[in-house]
Structure formats: C-alpha cells, structure tokens
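Visitor: Could you have a look at this structure, given as structure tokens, before my questions?
The values are calculated or read from the model by the stated rules, or taken from the named source; none is laboratory data. Computed from a predicted structure; not experimentally measured. A quick note on method: Cβ atoms are made from the backbone with ideal geometry, for glycine too, and the neighbour counts reach across all protein chains shown.
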Amino acid sequence: MKNVIQIGANIGDDHVTKFLRKYSYDKVLLVEAHPLCMSELFENYNGWNNVSIECAIISHTNNIVKNLWYNPDTNYQLSSTKEGFNPLHSNRVRLNLPNFTFDQLVEKHGFEDVNILFMDIESQDEYLIKSIDFNKYNIDFLVWEQQHSDMNEETIDRLTSFGFKTKKIHANTMAWRNDLKFDIEL
C-alpha cells in the first residue's frame with residue numbers, strides 16, 4: 001500500500017503529478033493553503049482515482065487559525081504563513097485559514113500510514129518535519145524544499161536518526177529509508 005501526501009500542492013501539474021503518473025498509489029491527499037489555487041488544482045486532478053484535496057494550512061503548531069500572506073499584484077501561488085517571506089509582498093493581503101497539525105490532517109483523512117510525503121510550504125517545511133513523529137507513521141520517502149531554511153543540517157541529522165538517507169537536489173532535499181528510492185524529477 002502506498003499512501004501519498006503533498007503539502008503545498010499549489011495548482012498541481014508538477015513533479016508530484018509526474019510521480020503519481022509513473023508510480024502506483026492507493027490513496028493521495030493534496031493540501032494547498034491558498035484558496036486561489038483550488039480551482040486549477042481540482043481541474044488538474046479531475047478524474048483521478050483516490051485523490052482528495054484539502055484547502056488548509058498544515059503547521060507544526062496547533063493554532064485554530066493561521067495567517068497566509070500573499071501579494072495580489074504578483075504571483076499569488078508564492079504565499080507563506082511567514083509574514084515578509086516574499087519581498088514582493090509589499091502590498092500584502094492576509095487570509096485567515098483553518099490550520100491543522102500533521103497528526104490532525106492524517107487522522108481527519110483516515111491515513112494509518114503515510115508512505116510518501118512531499119512538502120513545499122515556503123520556509124516552513126523543516127518546522128513541520130521537526131513536528132512529525134516518524135515512529136508513528138510509515139514514511140519511507142520524503143521530499144521537501146529546503147532553499148528557504150537555515151535548519152537543513154538539523155533536519156538531516158534528525159532524519160538520519162530515523163534511518164533515512166538524504167540527497168540534495170537543486171532547491172529540494174530527498175530522504176528515503178528501507179531501500180525505497182524513486183527516480184523523481186524535481
């Protein structure tokens with residue numbers, strides 16, 4: 001059984017879409033915080049089997065509401081829960097959105113195992129990784145965007161302690177264990 005979660009799905013039609021076309025899966029959950037991405041995300045996954053889509057912020061804290069910052073005059077797809085993350089956000093808009101921890105998200109969608117996890121959540125990836133209990137889930141393959149972080153070495157040390165091997169690929173880091181490694185285009 002392969003269950004896949006993508007946190008920061010944007011509009012879809014990306015490396016995860018290509019991955020899902022290439023490899024079999026049982027259940028997929030795509031999570032995107034920005035409501036303006038939803039219509040294209042639904043369109044890009046229209047007709048796919050066993051794919052669910054959630055509009056919410058997934059974070060390492062258990063807040064009821066989080067803020068999402070973006071600039072409506074620029075690429076709204078580049079948004080973040082971290083105010084001031086994007087220097088183009090001088091004309092900022094703040095959206096209050098539902099917030100879940102990773103555990104709450106997994107429980108809500110009935111995942112017992114999360115075998116494959118993709119993350120691109122604009123400077124918050126490694127905070128989320130730090131909050132995940134890798135003894136609780138069967139995550140064997142993980143890709144996250146690390147270009148906006150100063151915690152990459154700490155994150156890799158943590159994953160190594162759970163038996164992961166890691167490889168940096170462009171702005172991303174890939175981690176795998178149990179000899180589960182995929183050929184993925186990032």
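Visitor: Take ILE121 and tell me if it is within 30 Å of ASP26 (Cβ to Cβ), modelled with pLDDT of 60 or more and in contact with a Gly (Cβ under 6 Å, 6 or more places away or on another chain).
Guide: Here the answer is yes, as ILE121 does meet what is asked.
Visitor: Could you please give the count of residues in the stretch 116-127 that are of a type in the set (A, V, I, L, M), within 18 Å of GLU154 (Cβ to Cβ) and over 9 Å from the mean Cα position of the chain (by Cα)?
Guide: 0
Visitor: Do any residues in the stretch 143-154 that are surrounded by fewer than 17 Cβ atoms within 10 Å (Cβ to Cβ) have Cβ atoms under 6 Å from those of residues that are at pLDDT below 65, where the two are at least six apart or on different chains, and which pairs are they?
Guide: Once the first residue is surrounded by fewer than 17 Cβ atoms within 10 Å (Cβ to Cβ) and sits in the stretch 143-154, no partner that is at pLDDT below 65 comes close enough.
Visitor: Same structure, new question: Return only the number of the condition from (1) under 19 Å from SER123 (Cα atoms); (2) out of contact with any Leu (no Cβ under 6 Å at 6 or more places or on another chain) that LEU41 does not satisfy.
Guide: Here LEU41 meets the rest and fails (1).
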